[in-house]
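The structure appears right after this line, and notes come after that.
Read the figures in this text as sums done on the coordinates, not as results from a lab. These figures come from a predicted structure and were not determined experimentally. Note: ideal-geometry Cβ built from the backbone for every residue, glycine included; neighbour counts use all protein chains shown.
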Amino acid sequence: MSIALEIPRLPEKIVFPPGDLLSYEPPMETYLHLQQMILLLKCLEWWWRDRSDFFAAGNLTIYYSPQQRKSEFFRGPDFFVVLGTECKPRQSWVVWQEGGQYPHVIIEILSDSTAETDRGLKKQIYQDIFRTPDYFWFDPNSFEFQGFQLVGGQYQALEANEQGCLWSQQLQLFLGLENGQLRFFTPQGKLVPTAEESALRLAQKLQEMGIDPQEF
């Protein structure tokens, strides 16, 4: 049985709420969940450091109806990416102030209190209302990891490659597990590093060449 999720028909004359709505998401459930969210953000922002056409955020409210009410018509994905938009700070993502754009990629980090909603209600909202092309979820405790791609208006489960990674068509990157954490991988299967990891690798290479990294 499907859940009724249609946004009510809007009146001809709409009085839009202010576009500077604040995010009202609760803190991440555990430090482990917080680490995972930050890691995804750091990796993607470093990988796309020369780009200015995307917005990535974590635990930020998405408002998606001009008839905004306190308890409905908003969601706060643990991690999401919008492509083809200005890369700038935002207090929340207000769809009607962003040209009607919804996230192209959403990742939910499962917990005991949210897993049922992430697998059910949220998945249906992301499929039927957001029309988000790529949806993933990951449990940092059990390591449950699944991904879906929107095909013909319905989410179809993605099949993992030999390394157990799932492909994000929108990001043109794989997602997979590395040391118990969800990470991005290049199309060639190489780990997408954080800025700190890149600096450490450079320092190690310099040392191997007999160069003191402190000189740089």
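Structure notes:
- Cα gyration tensor, segment 100-216 - rounded (a/c under 1.5), prolate or oblate: prolate
- Modelled label reach - Arg51, point 7 Å along Cα→Cβ, segment 173-201 residues with backbone N closer than 17 Å: 173-176, 183-195
- Of Gln149, Leu171, Ser65, farthest towards positive along the dipole that unit charges on Lys, Arg, Asp, Glu beta carbons give segment 31-189: Ser65
- The GluC sites (Glu not before Pro) found in segment 98-167 that occupy coil by DSSP, while having at most 12 further C-beta atoms within 10 Å, are Glu144, Glu159, Glu162.
- Calculated on C-alpha atoms, the gyration radius of segment 56-150 divided by its Kirkwood radius gives an Rg/Rh of 0.95.
- Using Cβ point charges alone (K and R +1, D and E -1), the dipole size of segment 31-189 about the Cα centre works out to roughly 480 debye.
- Protection proxy ranking of 132-139, 146-153, 36-43 - average other beta-carbon atoms within 10 Å, highest first: 132-139, 36-43, 146-153
- Cα extents of segment 31-189 along the three principal axes, largest first (Å): 46, 37, 37
- Rg/Rh, computed from the Cα trace of segment 109-170 with Rh as the Kirkwood radius, has the value 0.97.
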